[in-house]
Each structure stands twice: as C-alpha cells, then as structure tokens.
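Below is one structure; the comments refer to it alone.
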C-alpha cells in the first residue's frame with residue numbers, strides 16, 4: 001500500500017524529469033478553447049479592429065441539430081476541445097467534465113464510485129448525454145456507463161444548459177452534453193497515450209486509421225484502464241477507490257461522398273469489472289453476507305451512424321442501438337439488468353430566404369428488465385420487462401430577422417401507449433447589436449418518465465428498503481435561460497465574459513425521501529413543486545505574455561416546497577456556490593504548465609436521524625497541476641499532481657464495521673440505531689497523488 005510520503009517522492013521525480021526537458025524563456029503563443037477556425041466573418045460591415053472578434057468562430061451543432069457558427073446560434077452552446085480536457089488528463093469523460101463550470105460529476109456511492117452528471121444542480125437523469133448527436137447514454141448507462149467513455153474518442157464536447165426538448169426529446173430537461181467523436185478522415189495515422197499514477201492507476205489509449213482510397217477511412221481505437229491496488233488511507237477497512245479493469249474498443253468509418261454529403265458508422269464495445277468494499281474481500285465472497293463487496297460486471301455494445309440521402313433536398317437519417325448487460329452484487333443483494341435501446345431519426349433541412357427550417361420524425365424503442373420490484377407486474381409476482389416505443393415528430397424554424405435579431409421557434413410531439421401525447425414547445429431569441437454584445441433567451445418545457453432503479457444508486461445498495469407510494473406520475477417542467485456574452489477589447493486581446501441566469505419549475509417531481517425512515521427510501525410525487533434557479537459567469541482572457549486564464553463561478557438555489565408548508569427543502573448534493581479555474585503558461589521550448597481545479601461550497605448531504613456527521617459539507621477545492629513538454633518528433637511527455645490540496649471527505653461511510661446491519665439493534669453500542677450507509681460521500685476519496693504520461697501522434 002502506498003503512503004503519502006512515497007507519493008511526494010514520486011511527484012518530485014516526475015516534476016524534475018519534466019523540468020529537465022524544458023527551457024526558461026517566454027513564448028508569445030496563447031491557448032484557446034476554440035476548435036474550428038473559420039476565415040469567414042459575419043456579413044455585417046465592421047471596422048478592422050472589430051473584425052478580431054469574429055476571426056475565430058466555432059461551428060456548433062447541438063443547439064440547432066445542424067452545423068451553424070456559434071455567433072449566429074440563437075441557443076447558447078459551450079464548446080470544449082480535447083486539448084482543453086488534456087490540461088488535467090483523466091481516463092474518461094465522467095472525470096474530465098468536472099472542468100466545465102456548472103457541470104458536476106456526482107459520486108452516488110462511496111464504495112463502488114459510480115455516479116452521474118449534474119447540470120445546474122439538477123440530478124443526473126435530467127441530463128441528456130449524446131454521442132455524435134445520438135442518445136446512446138440513457139437510463140442504465142447514466143449510472144454505469146459514463147466512466148467507460150474514454151477521452152481519446154473525443155474531438156470536442158458541446159454543452160447546452162437548459163431546455164432542448166423540441167430537438168432531443170422531452171427528457172432533456174436540464175441540458176444536453178454532446179460528445180462528438182473524431183473523424184476518421186482527419187484523425188492522426190497513429191496516436192498513443194500512456195499514463196500511470198502513484199496510486200497504480202494505468203491508462204492506455206491507442207488509435208490508428210486506415211485509408212481505403214481517397215474517400216473511405218477507418219478509425220480503430222482501443223482504451224484500457226486498470227486499477228488493482230486496494231488502498232485504505234482513512235482506515236475504515238473499505239477501499240478508498242473502486243478497483244477497475246476496463247476495456248473499450250471503438251471502430252468508426254467515415255465516407256467522403258459527392259457534393260460533400262455525409263455518411264458515417266461507428267461501433268463500440270465496453271467491458272468493465274468494478275469492485276469496491278472491505279479490504280479482505282475476494283471474488284469467492286461475491287454475493288455472500290460474510291465480507292461486504294460491491295462487484296459490478298458490465299458488458300455494453302453501441303452502434304450509431306448517419307447517412308445523407310443522395311438527392312437534391314437535404315435529408316439526413318441518424319440511427320443508434322445499444323445493448324447494456326449488468327451482473328452485479330451489492331453485498332448479498334444481486335442486481336441483474338438488461339437494457340436495449342434502438343433509435344432512428346430522419347430530418348429535412350431547408351433554407352427558405354431568411355428562414356432555416358428543420359422537420360423530422362423519430363422512433364425510439366426501449367427494452368428494460370431487472371430483478372427488482374421495479375419490473376414486476378401489478379400482481380407483484382410476474383416479471384414484466386419494460387417495453388416503451390415512442391414515436392415523435394419535430395419542427396423548428398430559425399428566422400434571421402435582420403443582422404441583429406434571430407428568432408427560433410420549435411415544437412415536438414411524442415406519443416407512447418402509457419402517457420399518450422406529449423407536447424414540447426421551444427422558443428429562443430438572439431439579439432446582437434454589435435460584435436461585442438450578444439443576448440440570448442431560451443424557453444422550453446420538459447417531460448420525463450422515471451425508472452428509479454436505473455437512476456438512484458441508493459436503491460440498490462441493500463442498505464435501505466425501497467418503498468414506492470401510489471402510482472408515480474410523470475414529471476413536467478418549465479425552463480427559462482438568459483445568456484449574455486460580452487467581448488471586451490484589451491489591447492490586441494479580448495476579455496470574454498459569458499453570463500447566464502436560469503430558472504426551472506417542476507410539477508409532479510419524483511423525489512426520494514431519505515429522512516422519514518433511516519432504513520427506507522420512500523418515492524412519491526412531490527405534493528408541491530420544485531425549483532432550480534441560479535446564475536453563472538465564465539471569464540476567459542489571454543494576456544499579452546503567454547498566460548491564459550479561465551475562471552467560472554455558479555450560484556445555485558435548488559429546492560422543493562411541499563403543500564401547506566412554506567419551508568424550503570434544499571436539494572441534496574447541490575452546492576450554493578461552485579466554480580472552475582484554469583491557468584496555462586507556455587514557455588518557448590514547448591513547455592507548458594497548467595493549473596486547474598474546481599471549488600464547491602457547502603452542499604446538503606443525506607444524513608441519518610441524530611447523525612453525528614454534519615448535514616452540510618465544508619468548502620473544498622480539488623486542484624491539479626501539470627507540466628508538459630512537446631517535441632517536433634510527435635512525442636509529448638507530461639507529469640503532475642492531482643488533488644494538490646489533499647482533500648478527502650470525512651466519514652463517508654456510516655458503520656463500515658457492520659455493513660450487513662447485523663448489530664443495528666444493539667441498545668448499548670448503537671443507541672441511535674444507525675445503519676450502514678454509502679450515500680454520504682460527496683467527493684473522491686483519493687488523496688494527493690502524482691501522475692506521469694507520454695503521448696505520440698503521427699499525422
């Protein structure tokens with residue numbers, strides 16, 4: 001087992017090694033989050049000084065489903081390149097996305113370290129995660145599949161905070177994260193990235209591409225991650241971080257066709273063996289009540305692609321299919337689940353004068369089955385897998401009224417046999433009086449059907465009994481978002497300010513009651529309403545010397561109110577204040593230093609009655625530093641320190657010495673009747689550690 005002193009020795013060695021490669025002169029290069037440079041500028045005639053604000057203008061697709069310059073989009077879209085996430089290298093998108101202000105990867109279990117992604121304080125199920133615009137990540141995989149998406153696949157990530165119901169279905173209530181994978185036609189011929197940490201985490205990314213003539217390219221990518229060291233630095237006899245063996249194989253075909261018509265097809269396979277639990281556990285104890293362990297085997301297959309029809313009109317078909325099989329034990333409680341989701345969408349894109357019209361139809365079919373009461377029939381005995389076909393149609397009109405005003409109107413209609421008709425309108429407006437100021441307003445509605453057992457890990461740990469009251473009704477929401485972008489000239493540079501305010505009202509919100517009975521989770525529709533509101537600010541500035549700074553802060557007020565009671569009940573794991581920071585300094589000999597991190601204010605935690613643990617977490621920050629050096633040969637060496645301030649939560653587990661609750665009723669040693677509980681943890685348990693890596697790219 002590694003100790004902290006060994007960690008520091010390791011860090012010294014890797015930091016001195018990186019400095020050995022470097023020089024100490026300054027460079028005039030600056031970093032940028034933008035990923036696509038366009039030589040075109042807006043058609044508005046502006047002075048030469050103002051043209052600087054438009055020379056770099058990303059192309060985005062998530063806000064409107066079709067490629068459009070970011071400056072013209074009436075929907076606020078944030079873009080993050082792979083280079084941005086490489087400032088703090090991580091093995092998967094779940095950990096990397098923490099660098100985005102207002103987006104929080106939330107650990108839902110202190111034992112097996114599974115989690116989901118929160119946007120603006122809304123729980124993970126309200127976040128729609130797309131891969132190349134396809135709803136690949138949903139339901140079961142929102143909890144158990146996010147850590148299996150390697151960063152090596154990413155070309156860029158687009159984030160839309162707020163309603164996107166008219167395009168992506170009504171479940172996109174909180175926002176959309178669209179992971180856009182690399183294009184085989186433009187990817188490097190060979191790419192290798194190998195990283196290890198002082199905790200024994202090893203990650204390998206390997207990709208290569210093959211050209212078949214000038215018009216067909218194949219990208220083949222392999223990711224392998226292993227962590228097999230049982231580490232218990234807080235001495236509670238439980239692993240501080242879950243052991244993992246994971247392999248992901250990705251295969252993507254891109255085709256260059258006449259008149260630049262699009263066509264692509266991709267396949268991905270994921271296998272993961274994950275364990276967290278008592279230090280003496282081994283696989284012979286899997287499912288037993290002698291030694292506690294949470295063991296999860298995941299098999300997952302994904303297929304997705306798109307095809308533009310060979311005709312004069314612009315008609316595109318997108319399709320996806322995923323199969324997810326999980327075999328797991330939480331202590332002695334088994335959880336076996338299978339999910340299959342098929343999706344196909346065809347849309348027509350037409351420009352008529354100043355109007356950009358999009359109209360399409362969708363079909364989604366979900367099969368879900370598990371061994372919990374959630375898939376039992378009304379008699380409580382017969383297994384009844386969920387089969388939910390949903391038909392949908394949508395239409396959207398983006399009207400460029402003039403050079404300063406753009407209006408977007410959208411509407412989506414979905415139908416399924418249980419909830420029948422679902423209506424999702426959408427409205428967006430962009431006002432830009434000049435290149436320095438842009439104001440955007442978005443409004444939309446949401447509708448969501450909940451599968452509890454795929455969305456709340458606490459329901460599976462076995463530490464609490466799940467109680468479902470009455471017949472749960474689907475949730476509905478109304479959401480508004482106001483965004484303001486101000487570009488401030490500062491010499492030959494720009495200070496970019498991006499501010500947003502948001503408000504979401506929920507009716508029929510489904511909530512889990514952890515407080516009434518410490519041995520139960522009671523689910524019911526909220527007899528009242530829920531509110532998620534707040535504001536965020538991002539600041540981006542590159543100095544005249546080679547330093548660039550990014551800073552973001554978010555304020556949240558997420559709560560529920562019950563009928564007949566004016567008291568606000570704050571949302572769990574939703575800090576009032578949070579933020580991100582990133583500082584990058586470049587030296588002339590291709591040496592770069594990145595200092596990145598996130599900070600979180602107090603957040604409400606799920607405590608037990610008479611709990612000795614505080615109900616609110618302390619203020620904390622997770623900071624990282626990296627030193628990297630690139631060479632003309634295509635090699636890059638990087639090293640650094642993670643969790644620089646050495647923060648970990650205190651007492652993340654309740655009664656870790658009695659995980660099967662065999663002595664809960666002991667009046668002498670447990671007068672408060674505490675039970676084993678895994679839901680209190682709010683941050684990773686991994687202490688300060690070093691990392692070292694090497695990359696190679698052959699263009």
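Which one of these is in contact with a helix residue (DSSP H, G or I) (Cβ under 9 Å, 6 or more places away or on another chain) and within 30 Å of residue 67 (Cα to Cα): 267, 206, 220? Walk me through it before giving the result.
On the way: 267 fails: in contact with a helix residue (DSSP H, G or I) (Cβ under 9 Å, 6 or more places away or on another chain); 220 fails: in contact with a helix residue (DSSP H, G or I) (Cβ under 9 Å, 6 or more places away or on another chain).
The conditions single out 206.
Test residue 320 against the criterion of being under 27 Å from the mean Cα position of the chain (by Cα), more than 26 Å from residue 266 (Cα to Cα) and either buried (at least 19 other Cβ atoms within 10 Å of the Cβ) or modelled with pLDDT under 90 (or both), and give yes or no.
Values: under 27 Å from the mean Cα position of the chain (by Cα): yes; more than 26 Å from residue 266 (Cα to Cα): no; either buried (at least 19 other Cβ atoms within 10 Å of the Cβ) or modelled with pLDDT under 90 (or both): yes.
Against the criterion (under 27 Å from the mean Cα position of the chain (by Cα), more than 26 Å from residue 266 (Cα to Cα) and either buried (at least 19 other Cβ atoms within 10 Å of the Cβ) or modelled with pLDDT under 90 (or both)), residue 320 does not qualify.
Do you know which of the residues in the stretch 151-175 that are at pLDDT 80 or above and in contact with a helix residue (DSSP H, G or I) (Cβ under 8 Å, 6 or more places away or on another chain) is nearest to residue 478 (Cα to Cα)? Among those that are at pLDDT 80 or above and in contact with a helix residue (DSSP H, G or I) (Cβ under 8 Å, 6 or more places away or on another chain), it is 175.
Which members of the stretch 181-196 meet the condition of being buried (at least 22 other Cβ atoms within 10 Å of the Cβ) and not in a loop (DSSP other than H, G, I, E, B)?
181, 193
From the list 534, 530, 480, the one residue that fits, being closer than 30 Å to residue 653 by Cα, at pLDDT 80 or above, surrounded by 14 or more Cβ atoms within 10 Å (Cβ to Cβ) and out of contact with any helix residue (DSSP H, G or I) (no Cβ under 7 Å at 6 or more places or on another chain), is 530.
Would it be correct to say that residue 76 is modelled with pLDDT of 50 or more and not in a helix (DSSP H, G or I)? Yes.
Scoring residue 259 on the criteria (1) on the phi > 0 side of the Ramachandran plot; (2) in contact with a helix residue (DSSP H, G or I) (Cβ under 8 Å, 6 or more places away or on another chain) leaves a single failure, condition (2).
Of all residues in the stretch 429-476, exactly one satisfies the criterion of being at pLDDT 70 or above, in contact with a helix residue (DSSP H, G or I) (Cβ under 6 Å, 6 or more places away or on another chain) and not in a strand (DSSP E or B), namely 435. Out of (1) without any contact (Cβ under 8 Å) to a residue 40 or more places away in the chain; (2) touching a strand residue (DSSP E or B) at 6+ places or on another chain (Cβ under 6 Å); (3) closer than 30 Å to residue 589 by Cβ, what's the single condition that is false for residue 621? Residue 621 satisfies all of (1) without any contact (Cβ under 8 Å) to a residue 40 or more places away in the chain; (2) touching a strand residue (DSSP E or B) at 6+ places or on another chain (Cβ under 6 Å); (3) closer than 30 Å to residue 589 by Cβ except (3).
Look at the stretch 329-347 and say how many of its residues are over 23 Å from residue 391 (Cβ atoms) and either free of Cβ contacts under 8 Å to residues at least 40 places away in the same chain or in a strand (DSSP E or B) (or both). Before the answer, list the steps.
At the first step, the residues of the stretch 329-347 found to be over 23 Å from residue 391 (Cβ atoms) are 329-338.
Among the residues that remain, those that are also either free of Cβ contacts under 8 Å to residues at least 40 places away in the same chain or in a strand (DSSP E or B) (or both) are: 329-330, 333-338.
Total meeting the criteria: 8.
Checking the structure you have, find out if any residue of the stretch 414-428 is modelled with pLDDT of 90 or more, surrounded by fewer than 20 Cβ atoms within 10 Å (Cβ to Cβ) and over 26 Å from the mean Cα position of the chain (by Cα). No, the stretch 414-428 contains no residue that is modelled with pLDDT of 90 or more, surrounded by fewer than 20 Cβ atoms within 10 Å (Cβ to Cβ) and over 26 Å from the mean Cα position of the chain (by Cα). Here is a check on your reading of the model: is residue 326 in a strand (DSSP E or B) and farther than 19 Å from residue 244 by Cβ? Here the answer is no, as residue 326 does not meet what is asked. Put simply, of 333, 383, 405, 327 the only residue that is in contact with a helix residue (DSSP H, G or I) (Cβ under 9 Å, 6 or more places away or on another chain) and on the phi < 0 side of the Ramachandran plot is 383.
All of 644, 622 fail the test of being within 28 Å of residue 88 (Cα to Cα), at pLDDT 95 or above and part of a loop (DSSP other than H, G, I, E, B), apart from 644.
With the checklist (1) at pLDDT 95 or above; (2) surrounded by fewer than 20 Cβ atoms within 10 Å (Cβ to Cβ); (3) out of contact with any helix residue (DSSP H, G or I) (no Cβ under 7 Å at 6 or more places or on another chain); (4) within 30 Å of residue 657 (Cβ to Cβ) in hand, flag the one item residue 291 doesn't pass. So the condition that residue 291 fails would be (3).
Kindly check whether there is at least one residue in the stretch 657-674 that is under 25 Å from residue 104 (Cβ atoms) and either crowded, with 19+ Cβ neighbours inside 10 Å or modelled with pLDDT under 90 (or both). Walk me through it before giving the result.
At the first step, the residues of the stretch 657-674 found to be under 25 Å from residue 104 (Cβ atoms) are none.
The answer is no; no qualifying residue exists.
A single member of 362, 366 is within 28 Å of residue 247 (Cβ to Cβ) and buried (at least 16 other Cβ atoms within 10 Å of the Cβ), and it is 366. A Cβ distance below 9 Å, combined with a sequence gap of six or more or placement on separate chains, defines the contacts here; from the stretch 274-290, residues that are closer than 20 Å to residue 247 by Cβ reach residues that are loosely packed, with under 13 Cβ neighbours inside 10 Å in the pairs 275/283. Here is a list: 656, 652. Which entry is over 26 Å from residue 596 (Cα atoms) and assigned to a loop (DSSP other than H, G, I, E, B)? 656 is the lone residue from the list that is over 26 Å from residue 596 (Cα atoms) and assigned to a loop (DSSP other than H, G, I, E, B).
So for the stretch 539-559 (the condition being out of contact with any strand residue (DSSP E or B) (no Cβ under 7 Å at 6 or more places or on another chain), closer than 25 Å to residue 479 by Cα and surrounded by fewer than 17 Cβ atoms within 10 Å (Cβ to Cβ)), does at least one residue qualify? Checking the stretch 539-559: not a single residue is out of contact with any strand residue (DSSP E or B) (no Cβ under 7 Å at 6 or more places or on another chain), closer than 25 Å to residue 479 by Cα and surrounded by fewer than 17 Cβ atoms within 10 Å (Cβ to Cβ). Selection of the stretch 596-616 for residues being under 30 Å from residue 545 (Cβ atoms) and surrounded by 18 or more Cβ atoms within 10 Å (Cβ to Cβ) yields 596, 597, 598. Checked across the stretch 84-92, the condition of being assigned to a helix (DSSP H, G or I), under 20 Å from residue 554 (Cβ atoms), at pLDDT 80 or above and more than 12 Å from the chain's Cα centre (by Cα) holds for at least one residue.
Test of understanding: among 206, 243, which residue is without any contact (Cβ under 8 Å) to a residue 60 or more places away in the chain, buried (at least 18 other Cβ atoms within 10 Å of the Cβ) and either touching a strand residue (DSSP E or B) at 6+ places or on another chain (Cβ under 8 Å) or within 21 Å of residue 114 (Cα to Cα) (or both)?
None of the other options fit; the residue is 243.
The values are calculated or read from the model by the stated rules, or taken from the named source; none is laboratory data. Being a predicted model, the structure only gives us computed values, none of them experimental. Heads up, the Cβs are rebuilt from the backbone with ideal geometry, glycines too, and the neighbour counts pull from every protein chain shown.
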